[in-house]
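A.B. asks: Structure incoming, see below.
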Amino acid sequence: KGIETSINYEVIRKQNYGLSVGFNISFNENRINSLGVMDNFEFSSTWASTAIGTDYAVYQGQPIGMMFGYQNDGRYEVSDFDFADGIYTLKEGVADASSVVGNVVPGSMKLRDLNGDGVVDGDDKSIIGNSNPKNTGGLTLNGRIYNFDFSAAFNWSYGNDIYNASKIEHTSSTVSSPNGQYRNLTTAMEDGVRWTNVDATGQLVTDPTELAALNENTTMWSPYMQRFVLSDWAIEDGSFLRLNTLTLGYSLPESILKPLGISRFRLYGTMTNVFVLTNYSGLDPEVSTRRATPYTPGVDYSPYPRNRQVVFGLNLNF
C-alpha cells in the first residue's frame with residue numbers, strides 16, 4: 001500500500017521567458033500478512049555460492065527485502081586474549097566467533113553475541129537491513145530565456161539499505177579466493193587502516209605488546225579470513241539524488257529563419273547521468289543485481305558502473 005502524488009506548476013509564463021516545475025513522490029510499503037502453511041524462513045542471494053548462507057529473512061509481519069546477518073563488533077584486539085607459549089587464547093567473557101569467521105586471533109573480525117551464550121553462531125543472526133525506501137520521487141525543471149531553453153530531470157530514493165556484497169569480497173582474502181585476486185581492491189582495507197602482523201621492515205611480529213603498538217592507529221580487521229561474512233558493516237544507506245538528464249538548447253531567431261523558408265532551427269546538447277549525491281561507497285546506489293527472485297532485492301555484487309553520455313543534436317523544420 002502507499003501514496004503517490006505528482007504536481008505540475010507553471011511558475012513563470014512571460015513572452016520572453018518561462019519556468020515550469022514537475023514534482024512527484026511516492027510512499028509505498030509492503031508487508032507479508034501470511035505465509036499460509038509455511039513457517040518463517042530465510043533465503044540466500046547466492047552471490048557467494050554457499051559461503052554466506054541465508055542472508056534474507058522472509059518473515060510474517062515484515063516486508064520483503066529484509067537483510068539477515070550478523071552485527072559487527074569491530075575486531076579482536078590483543079587485549080581480548082591471553083598469550084602463552086606462542087598461543088593466543090580468548091579470555092573468559094569474550095565471545096568466540098570462530099564458528100563464523102574461522103580461527104580467531106588478534107585482528108580477526110569480531111561479531112556481537114546477541115543471545116549472550118559466549119559463542120557467536122547462527123542463533124545470533126538478525127535483521128540488519130531493509131531494502132525498501134521510505135520514499136522515492138522525481139523533479140523536472142523546464143525553462144526558457146529568449147532563444148535559449150533548458151530542462152533538467154532529477155530522481156531520488158530515501159531510506160533504503162544496500163547490501164554491498166562487492167565490499168565484502170574486495171576486502172577479504174578467503175579460502176574461496178586463495179590467490180587473493182580480490183583482496184584490498186578498495187581503500188577500506190588500505191595499508192595503515194587494516195590490521196597487520198608485519199612491521200615496516202617486513203618482519204613478522206609475534207610479541208603481544210609490539211603487535212598492539214603496531215596496530216594502535218589502525219581500525220579495520222585483517223583482510224585474511226577463512227570465509228566471507230555478512231555483517232551490518234556491509235549494509236549501507238542507499239539514499240541518493242541523481243541529475244538524470246540535462247538539456248541545453250538554442251533556437252535561431254525567426255527574423256533569420258523566415259527569409260530562408262525555415263520555421264525552426266534549434267541546436268541542443270543533452271547529458272545523461274550528470275551527477276549523483278550519495279554517501280553510498282559502491283559504484284551506483286541504484287543497484288539490484290540478484291534479480292532471479294523477489295526475495296533478495298538491493299544486492300550490489302559485481303555491477304557495471306552507470307555510464308555518462310553527451311549527445312548533440314539539431315532540430316530543423318521547414
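A.B. asks: Checking the condition open to solvent by less than 30 Å² (accessible area, probe 1.4 Å), farther than 28 Å from Pro294 by Cα and outside any loop (DSSP other than H, G, I, E, B), which residue from Gly69, Gly107, Gly74 passes? Working first, answer last.
C.D. replies: Details: Gly69 fails: farther than 28 Å from Pro294 by Cα; Gly107 fails: outside any loop (DSSP other than H, G, I, E, B).
Sole residue among the options that is open to solvent by less than 30 Å² (accessible area, probe 1.4 Å), farther than 28 Å from Pro294 by Cα and outside any loop (DSSP other than H, G, I, E, B): Gly74.
A.B. asks: For Leu257, work out the one condition from (1) touching a residue at least 24 places away in the same chain (Cβ under 8 Å); (2) over 13 Å from the mean Cα position of the chain (by Cα); (3) outside any strand (DSSP E or B) it doesn't fulfil.
C.D. replies: For Leu257, the exception is condition (1).
A.B. asks: Considering only region 10-22, I want to know if a residue exists there that is at pLDDT 95 or above, farther than 20 Å from Val120 by Cβ and part of a loop (DSSP other than H, G, I, E, B).
C.D. replies: No: region 10-22 contains no residue that is at pLDDT 95 or above, farther than 20 Å from Val120 by Cβ and part of a loop (DSSP other than H, G, I, E, B).
A.B. asks: Could you tell me whether any residue of region 299-307 is hydrophobic (A, V, I, L, M, F, W, C) and within 14 Å of the chain's Cα centre (by Cα)?
C.D. replies: Within region 299-307, one or more residues are hydrophobic (A, V, I, L, M, F, W, C) and within 14 Å of the chain's Cα centre (by Cα).
A.B. asks: How about region 290-316: which of its residues are of a type in the set (S, T, N, Q), open to solvent by less than 70 Å² (accessible area, probe 1.4 Å) and modelled with pLDDT under 95? Steps first, please.
C.D. replies: Step one: of region 290-316, the residues of a type in the set (S, T, N, Q) are 293, 296, 302, 307, 309, 315.
Those left that are additionally open to solvent by less than 70 Å² (accessible area, probe 1.4 Å): 293, 296, 315.
Listed by number, the residues that qualify are Thr293, Asn315.
A.B. asks: Being modelled with pLDDT of 95 or more, under 30 Å from Ile127 (Cβ atoms) and surrounded by 15 or more Cβ atoms within 10 Å (Cβ to Cβ) is the requirement here; does Leu211 meet it? First the steps, then the outcome.
C.D. replies: Numbers: modelled with pLDDT of 95 or more: yes; under 30 Å from Ile127 (Cβ atoms): no; surrounded by 15 or more Cβ atoms within 10 Å (Cβ to Cβ): yes.
Judged against the criteria, Leu211 is not a match.
A.B. asks: When you scan region 124-140, do you find a residue that is charged (D, E, K, R), open to solvent by 60 Å² or more (accessible area, probe 1.4 Å), part of a strand (DSSP E or B) and touching a residue at least 12 places away in the same chain (Cβ under 8 Å), even just one? Break it down stepwise before answering.
C.D. replies: From region 124-140, those charged (D, E, K, R) are 124-125, 134; that's our starting set.
Subset that is open to solvent by 60 Å² or more (accessible area, probe 1.4 Å): 134.
Pick out the ones that are also part of a strand (DSSP E or B) and you get none.
No: region 124-140 contains no residue that is charged (D, E, K, R), open to solvent by 60 Å² or more (accessible area, probe 1.4 Å), part of a strand (DSSP E or B) and touching a residue at least 12 places away in the same chain (Cβ under 8 Å).
A.B. asks: Can I ask one more? Considering every residue within region 239-261, establish whether at least one is open to solvent by 70 Å² or more (accessible area, probe 1.4 Å) and under 30 Å from Leu139 (Cα atoms). Steps first, answer last, please.
C.D. replies: Going through region 239-261, the residues open to solvent by 70 Å² or more (accessible area, probe 1.4 Å) turn out to be 248, 250, 254-256, 258-260.
Checking the rest, the ones that are also under 30 Å from Leu139 (Cα atoms) come to 248, 250.
Scanning region 239-261 turns up at least one residue that is open to solvent by 70 Å² or more (accessible area, probe 1.4 Å) and under 30 Å from Leu139 (Cα atoms).
A.B. asks: Name the residue that is nearest to Asn142 (Cα to Cα), counting only residues in region 26-50 that are touching a Ser or Thr at 6+ places or on another chain (Cβ under 6 Å) and open to solvent by less than 40 Å² (accessible area, probe 1.4 Å).
C.D. replies: So, considering only residues that are touching a Ser or Thr at 6+ places or on another chain (Cβ under 6 Å) and open to solvent by less than 40 Å² (accessible area, probe 1.4 Å), the one nearest to Asn142 (Cα to Cα) is Ser26.
A.B. asks: Open to solvent by 90 Å² or more (accessible area, probe 1.4 Å), under 29 Å from Gly137 (Cβ atoms) and within 26 Å of the chain's Cα centre (by Cα), is that true of Lys14?
C.D. replies: No; evaluated as a whole, the condition is false for this residue.
The values are calculated or read from the model by the stated rules, or taken from the named source; none is laboratory data. Bear in mind that the values here come from a model prediction, so they are computed numbers and not experimental data. Here the Cβ is made from the backbone with ideal geometry for all residues, glycine too, and neighbour counts use every protein chain on show. With ligands, DNA and RNA removed, areas are computed over all heavy atoms of the protein, side chains included. Shrake-Rupley method; radii C 1.70, N 1.55, O 1.52, S 1.80 Å.
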